[in-house]
1. Scan the range 66-86 for residues that are charged (D, E, K, R) and more than 24 Å from residue 164 (Cα to Cα) and jot them down.
2. Taking the options 269, 259, name whichever one is under 10 Å from residue 199 (Cβ atoms), buried (at least 17 other Cβ atoms within 10 Å of the Cβ) and at pLDDT 95 or above.
3. When you go through 33, 14, 59 one by one, which is the residue that is buried (at least 19 other Cβ atoms within 10 Å of the Cβ) and either out of contact with any Gly (no Cβ under 6 Å at 6 or more places or on another chain) or outside the structural domain of residue 126 (by TED's automatic domain parsing) (or both)?
4. Quick check on my filter: what residues within the range 102-133 are in contact (Cβ under 8 Å) with a residue 12 or more places away in the chain and farther than 26 Å from residue 61 by Cβ?
5. Going residue by residue through the range 111-119, is there one that turns out to be closer than 20 Å to residue 92 by Cα, in contact with an Asp or Glu (Cβ under 8 Å, 6 or more places away or on another chain) and crowded, with 16+ Cβ neighbours inside 10 Å?
6. Applying the selection to the range 110-159, what residues are farther than 15 Å from residue 86 by Cα and assigned to a helix (DSSP H, G or I)?
7. What helices (runs of 4 or more DSSP H), lying completely within the range 14-78, carry at least 1 residues that are under 21 Å from residue 134 (Cβ atoms)?
8. Can you tell me how many residues in the range 88-107 are touching a helix residue (DSSP H, G or I) at 6+ places or on another chain (Cβ under 9 Å) and surrounded by 16 or more Cβ atoms within 10 Å (Cβ to Cβ)?
Amino acid sequence: MKKNKVAFQGELGAYSHIAINQLFENPEIKTCATFEETFKVAFENEDYKIVIPLENSLAGRVADIHYLLPKYKLQIHAEHFQKVEHNLLARENTKLEDIKYVRSHSQAIGQCQKIIMENKYKTIISADTAGSAKELSDGKDNSIAAIASKLSAKIYNLKILKENIEDEKGNVTRFLIMGKNVQQPEYEKGKKYITTCIFRLKSEPAALYKSLGGFATNQVNMTKLESFSVKNTFAQTNFYLDFEGHLEEKSVQNAMEELGFHTESLDILGVYEASKFRQN
């Protein structure tokens, strides 16, 4: 049986790695230093899929992703919602009272302010959570702890000083599973679908208002609409849009036709089954 080849940004033990383990059985995994490198893997090799974090329920959108989506125009195969549970990790023989510093990604540190402030820990910013665990394992300083996943603790032989240290429960990251030349699923009545597109409006008054009118008149529910500037200019804006429905549905076709009248460019990034998490 052919193995699934999957790439992600970060070190082994990252939350992207956890998501991959839940999505694929015994995958062949490739780690990448940057998101751009990750996108390039799938762009240059059709055998690879990539698992990319798009947004977090507490911290908002993940930097750079919105600019890479239109640049590489990979197709979305599926979505996945991953619960994020942060843990305080340390080297063996380290006690909680030994800790003076915590190392992690800036978002993880921002999500664990309560324990940091209560203990007056000084913070060290790392490129990612699992990377901070790897750096801790490679070092010899018992005054430093890392904020990362339980999988990171297992991979890098670290012990867990405290579990679930995030300030708020319900911390969830939405991931996109993407690849090149991914075929969209055929429409099946009774199933729920998400369609994702990126568009740029014509420069005309009330363009956004007029472009979205078709979604209202055809009762197509938008679940996400976000703007981001076109690089090197403040004069134009791209929009990322998620909505419920499949391109084979007449209501969606009508809404997309109306949207097309008011756009300079319109790229469909994918049609895929809505995650069951959306029903929660």
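1. If the condition is that a residue be charged (D, E, K, R) and more than 24 Å from residue 164 (Cα to Cα), then 71, 73, 79 are the ones that fit.
2. Just a single option satisfies the conditions, and that option is 259.
3. Checking each option against the conditions leaves just 14.
4. Result: 119, 121, 122.
5. Within the range 111-119, not a single residue is closer than 20 Å to residue 92 by Cα, in contact with an Asp or Glu (Cβ under 8 Å, 6 or more places away or on another chain) and crowded, with 16+ Cβ neighbours inside 10 Å.
6. Passing the criteria: 117, 118, 119, 134, 135, 136, 137, 138, 155.
7. Output list reads 15-23, 35-44.
8. Total meeting the criteria: 10.
The values are calculated or read from the model by the stated rules, or taken from the named source; none is laboratory data. Quick caveat, the model's predicted, so the values are computed rather than measured. Cβ coordinates were reconstructed from backbone atoms using ideal geometry, including for glycine residues, and neighbour counts include every protein chain displayed.
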